[in-house]
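Note sheet for the following structure.
The values are calculated or read from the model by the stated rules, or taken from the named source; none is laboratory data. As the structure is a computational prediction, the values presented were derived from the model and not from experiment. Ideal geometry is used to build each Cβ from the backbone, glycine not excepted, and the neighbour counts take in all protein chains shown.
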């Protein structure tokens, strides 16, 4: 069965319009955890860099000392936003407060924030809001609504605050969570998304309370699927998760450039440009937004390797962006071995990863094709031949393509079609003789 939307409420369509068009966004994980950068007292942290406090069960007073070392003198909001724009990203979401409880903005609720507790003493969210507005990039804030390892009433810290009976989560919501959300939603201009995370034991009523509060202050602001209790304005897949086929409803998948979200000195397992573009094509082909993360250093620098890869993705989108932005997923219920498919009204895009040596054959598309072209190569003609076997009700399209692959990574052929894309929903034998029996298409 296909993955279906988790939404219970029917969000206003206009609230999601820009998000459905965007398809590609930047995630930024930045906080005190950038100081140890994955190493605590000589030991490498297992797993994610931003979880270092939790992994080593670092006592609150000891972890707090990192604030005195956090001095991002090389932070440049304009450069960060320009990178997002150059990469072809349409929105930017940054950690305003992660599970460690440290506010990366000037909060009146607590002195445990970047302005009051660090030698830098500035609010980077103000600068980012200003630059995003100039660049036409939608700004969103990640906010850990349940886990707060610094607050006695927050969830997650069982090493400092061991007696669960003393914790009052409603008190935490009242005195920290909701006031800080109010600050974020009233002090930084229009906010596109509040990206909640790890709902843990939050109740449905508590999730609903947060959602209503966000929409009351900014009616157009989206609430991410990780608010808990299936109350998000759109669904959030698991970290680096890709569904096996097209999804129903509105979904986003957050992905890393290497193996962690926050900066880790020793994590060098960077995804190649080829892999990043294939992931972008795969997400778009399933109707899923692709939220790609960067982890800046404690000095405020996005690693050069991240910059170079994102710019390469942006160069590809300058040529092939119409096959990503504003598209819906493939009309076929299975993936093709040669690449992915996206759609718009009257258009079908073949995002070809494995370029054919001869004629390209696509069985199962029922629409009449009026013409075809290679994005970025208007001079090379593409011949289209269509056939239909009435006996087998089999539709086949053949394209005569140039021998040389137009793009190093993913080449795009646009088909102009009549009507909305319509494909055979049964598994069909492909030109190479294979039949894709996708697991998600099976019935018990």
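Consider residue 84 carefully, then state whether it is touching a helix residue (DSSP H, G or I) at 6+ places or on another chain (Cβ under 9 Å), buried (at least 24 other Cβ atoms within 10 Å of the Cβ), at pLDDT 95 or above and under 28 Å from residue 281 (Cα atoms). Against the criterion (touching a helix residue (DSSP H, G or I) at 6+ places or on another chain (Cβ under 9 Å), buried (at least 24 other Cβ atoms within 10 Å of the Cβ), at pLDDT 95 or above and under 28 Å from residue 281 (Cα atoms)), residue 84 qualifies. Apart from one condition, residue 381 fits all of (1) surrounded by 15 or more Cβ atoms within 10 Å (Cβ to Cβ); (2) more than 31 Å from the chain's Cα centre (by Cα); the exception is (1).
Quick check on this structure: which one of 117, 67, 127 is more than 21 Å from residue 156 (Cα to Cα) and surrounded by 18 or more Cβ atoms within 10 Å (Cβ to Cβ)? Result of the check over 117, 67, 127: 117.
If you go through the range 136-161 and pick out every residue that is more than 19 Å from residue 51 (Cα to Cα) and loosely packed, with under 15 Cβ neighbours inside 10 Å, you end up with 1.
So, in the range 42-68, of the ones that are in contact (Cβ under 8 Å) with a residue 12 or more places away in the chain and in a loop (DSSP other than H, G, I, E, B), which residue ends up farthest from residue 263 (Cα to Cα)? Per the criteria, the residue is 59. If you go through the range 1-41, how many residues are at pLDDT 95 or above and assigned to a helix (DSSP H, G or I)? Final tally of qualifying residues: 10.
For the range 277-373, which fully contained strands (runs of 3 or more DSSP E) count at least 1 residues that are surrounded by fewer than 22 Cβ atoms within 10 Å (Cβ to Cβ) and not assigned by TED's automatic domain parsing to the domain that holds residue 81? Before you say what the answer is, go through the steps one by one.
Working: elements: 288-294, 339-344, 347-352, 360-363.
In the range 277-373, the matching strands (runs of 3 or more DSSP E) lie at 339-344, 347-352, 360-363.
With respect to (1) in contact (Cβ under 8 Å) with a residue 12 or more places away in the chain; (2) over 30 Å from residue 76 (Cα atoms), the lone exception for residue 162 is condition (1). Does the range 77-89 contain at least one residue that is in a loop (DSSP other than H, G, I, E, B), over 21 Å from the mean Cα position of the chain (by Cα) and in contact (Cβ under 8 Å) with a residue 12 or more places away in the chain? No, because not a single residue in the range 77-89 is in a loop (DSSP other than H, G, I, E, B), over 21 Å from the mean Cα position of the chain (by Cα) and in contact (Cβ under 8 Å) with a residue 12 or more places away in the chain.
Scanning the range 178-190 turns up one or more residues that are surrounded by 22 or more Cβ atoms within 10 Å (Cβ to Cβ), within 22 Å of the chain's Cα centre (by Cα) and touching a residue at least 24 places away in the same chain (Cβ under 8 Å). Of the residues making up the range 141-163, not a single one is more than 18 Å from residue 222 (Cβ to Cβ) and in a helix (DSSP H, G or I). Taking the criterion of being crowded, with 23+ Cβ neighbours inside 10 Å and either part of a loop (DSSP other than H, G, I, E, B) or in contact with a helix residue (DSSP H, G or I) (Cβ under 8 Å, 6 or more places away or on another chain) (or both), would at least one residue in the range 239-248 satisfy it? No: the range 239-248 contains no residue that is crowded, with 23+ Cβ neighbours inside 10 Å and either part of a loop (DSSP other than H, G, I, E, B) or in contact with a helix residue (DSSP H, G or I) (Cβ under 8 Å, 6 or more places away or on another chain) (or both). Considering (1) within 17 Å of the chain's Cα centre (by Cα); (2) free of Cβ contacts under 8 Å to residues at least 40 places away in the same chain, the lone condition that residue 229 does not fulfil carries the number (1).
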